[in-house]
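All remarks here apply to the structure that follows.
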Amino acid sequence: MPNSFRFRSAQTVFVLAITQLVGWGTTFDMLGVMGRIVAPDLGMANEVAFAGLTIMMTVSAIVGPATGRWLGRYGAARVLSAASLTFAIGLSLLAAANGVIHYAAAWIVIGVGGALGLSAPAYTAVVEREGMNGKRVIAVLMLFTGLSSAIFWPVLSMLNETVGWRFTFLVCAGLQFFICLPLHLFALPKPITAHIDGGKADIAPVPLSKPAQRKAFLLIAAATTITTFITFGISPSLLEIFRQSGASPTFALQLGSARGVLGISARFLDMLLGRRGNPIVSAAMGIGLMLVSFLMMLAASPSTPLLVSFVLLYGFGSGVMTVARALLPLALFSPREFGLQSARLSLPQNLANAIAPVVFTAILDRAGTGPALFAAAVLAALSLTLVLMLMTLVRGARATQPSPAPS
């Protein structure tokens, strides 16, 4: 790879790693530290404070399809800049909140920012600058953004202890306005996909007909929505699953931490694979590992080796699937279509993110670990079936593609 392209890639990763870390750390991850601090001061129950995340994800889902159109019309840099500005406004409103209505309104604004600035728009910025070679850069970017809570939880906790929660939110707004906004506006390299010779930005990697493209999109949407429903539903309840399976509170916390490390390790593996990786195969492998982990927990009696094995399989499988979920549109659609398709996929995924924790918590509290894991296993099996159908569709399309004429 020429040095100029290496520098462009490094510059893209540097800018987006910072802005995505700040984006996730000051919004979605933030309530992990601040939710139980803000709630009593505003006279709210803890669950009402955490409902801010549900509002955020629901609004992001609704705005997602429009974001896809704006990405195609204005480019990722402008959309990401609008996100930074919107986040700054929403966090400022949060700092000034004096009741439930004002608090909810702030999260509505933050939800709009989430649609404009988190995940899909950032990945679109990569594809605009890297074309079909963006897989490795996206995997590198996801490696950094997976650390957002690990970085921001202690920072937010320290800020709150020093200056209080309202000023902490103002600091977060300042990070968005004074760091992320200028980086998005001035530090991202110029897009290259619009200048690729021969219109390669419009050429999809798989020769699918229009009906087959629609079927492929529906299969990706269904499979990724189901898996995000599983992972977002189980993650908040993981410690409780361990405790109900006989783990001590300390051991449960250790297992939960190990799961996070394994998720990051899976992203690192995908980064190493780079262009050689196949997101469809990765998705099948990730879901398969998750399914085996659920079935193993259902079939065997709880024990320390069982819980460790579960964390190894589930943690690595869910980490692999997180990367595959972001890269699947690039495996089937052209670089120019990537932003639109990714934003369209965010609608069902974000809705699943919003309701999954409530559903899994209700099953776990009312029926116990067994039914919760059984539900996860059934959903994982369904998602794996959909991915295998997608794999069959792609193989069929490639098999019917005419061979190039001999020179």
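The values are calculated or read from the model by the stated rules, or taken from the named source; none is laboratory data. For clarity, every value in this text was computed on a predicted model and none was experimentally measured. FYI the Cβ positions are ideal-geometry reconstructions off the backbone, even for glycines, and counts take in every protein chain you see. Ligands, DNA and RNA are stripped out before the accessible areas are found, and what is left, the full protein with its side chains, is counted by its heavy atoms. Shrake-Rupley method; radii C 1.70, N 1.55, O 1.52, S 1.80 Å.
I need the full set of residues from region 39-53 which are assigned to a helix (DSSP H, G or I), in contact (Cβ under 8 Å) with a residue 60 or more places away in the chain and open to solvent by less than 50 Å² (accessible area, probe 1.4 Å), in order please. Show your work before the answer.
Of region 39-53, the ones assigned to a helix (DSSP H, G or I) are 39-41, 46-53.
If we keep only those that are in contact (Cβ under 8 Å) with a residue 60 or more places away in the chain as well, we get 41, 53.
Once the filter is applied, which keeps residues that are assigned to a helix (DSSP H, G or I), in contact (Cβ under 8 Å) with a residue 60 or more places away in the chain and open to solvent by less than 50 Å² (accessible area, probe 1.4 Å), region 39-53 yields only L53.
Of all residues in region 207-245, which are under 20 Å from S318 (Cβ atoms) and of a type in the set (F, W, Y)?
F229, F232, F242 - these are the residues of region 207-245 that are under 20 Å from S318 (Cβ atoms) and of a type in the set (F, W, Y).
Only residues in region 54-68 that are in contact (Cβ under 8 Å) with a residue 12 or more places away in the chain count as the first member; pair them with residues that are of a type in the set (F, W, Y) and open to solvent by less than 10 Å² (accessible area, probe 1.4 Å), Cβ under 9 angstrom, at least 6 apart or cross-chain, and list the lot.
Between residues of region 54-68 that are in contact (Cβ under 8 Å) with a residue 12 or more places away in the chain and residues that are of a type in the set (F, W, Y) and open to solvent by less than 10 Å² (accessible area, probe 1.4 Å), the close pairs are T54/W107; I55/W107; M56/W107; V59/W107.
In region 340-372, how many are of a type in the set (V, I, T) and either outside any helix (DSSP H, G or I) or farther than 21 Å from F310 by Cα (or both)? First the steps, then the outcome.
Filtering region 340-372 down to residues of a type in the set (V, I, T) leaves 355, 358-359, 361, 363, 369.
Of the ones still in play, those that are also either outside any helix (DSSP H, G or I) or farther than 21 Å from F310 by Cα (or both) are 355, 358-359.
The number of residues fulfilling the criteria is 3.
When both residues are 6+ apart or on different chains and their Cβ atoms are under 6 Å apart, which pairs have a first residue that lies in region 198-225 and is at pLDDT below 75 and surrounded by fewer than 16 Cβ atoms within 10 Å (Cβ to Cβ), and a second that is among the polar types (S, T, N, Q) and not in a helix (DSSP H, G or I)?
What qualifies is D202/S334; I203/S334.
What tally of residues in region 231-246 results from selecting those that are more than 19 Å from the chain's Cα centre (by Cα) and open to solvent by 10 Å² or more (accessible area, probe 1.4 Å)? Write out each step before concluding.
First, pick out the residues of region 231-246 that are more than 19 Å from the chain's Cα centre (by Cα): 239-246.
Filter once more, keeping what is open to solvent by 10 Å² or more (accessible area, probe 1.4 Å): 239-240, 243-246.
Here the count works out to 6.
Test of understanding: among G134, G99, G64, G117, which residue is within 16 Å of P335 (Cα to Cα), of a type outside the set (S, T, Y) and open to solvent by less than 30 Å² (accessible area, probe 1.4 Å)? Please lay out each step first, then the result.
On the way: G99 fails: within 16 Å of P335 (Cα to Cα); G64 fails: within 16 Å of P335 (Cα to Cα); G117 fails: within 16 Å of P335 (Cα to Cα).
Result: G134 is the single residue among G134, G99, G64, G117 that is within 16 Å of P335 (Cα to Cα), of a type outside the set (S, T, Y) and open to solvent by less than 30 Å² (accessible area, probe 1.4 Å).
Could you please find all residues in region 327-355 being small (G, A, S) and open to solvent by less than 10 Å² (accessible area, probe 1.4 Å)? If you could, list the steps in order and put the result at the bottom.
As a first pass, look at region 327-355 and keep what is small (G, A, S): 331, 334, 339, 342-343, 346, 352, 354.
The answer is S334, G339, A343, A352, A354.
In region 14-38, what residues are open to solvent by less than 20 Å² (accessible area, probe 1.4 Å) and under 19 Å from M142 (Cβ atoms)?
Here is the first cut: in region 14-38, the residues open to solvent by less than 20 Å² (accessible area, probe 1.4 Å) are 15-17, 19-20, 22-23, 25-27, 30-31, 34-35, 38.
V15, L16, A17, T19, Q20, V22, G23, G25, T26, T27, listed by residue number.
Restricting to region 9-38, name every residue that is under 23 Å from V171 (Cβ atoms), of a type in the set (S, T, N, Q) and outside any loop (DSSP other than H, G, I, E, B). Write out each step before concluding.
Our first condition is that a residue be under 23 Å from V171 (Cβ atoms); within region 9-38, this holds for 14-38.
With of a type in the set (S, T, N, Q) added as a condition, the list becomes 19-20, 26-27.
Scanning region 9-38 gives T19, Q20.
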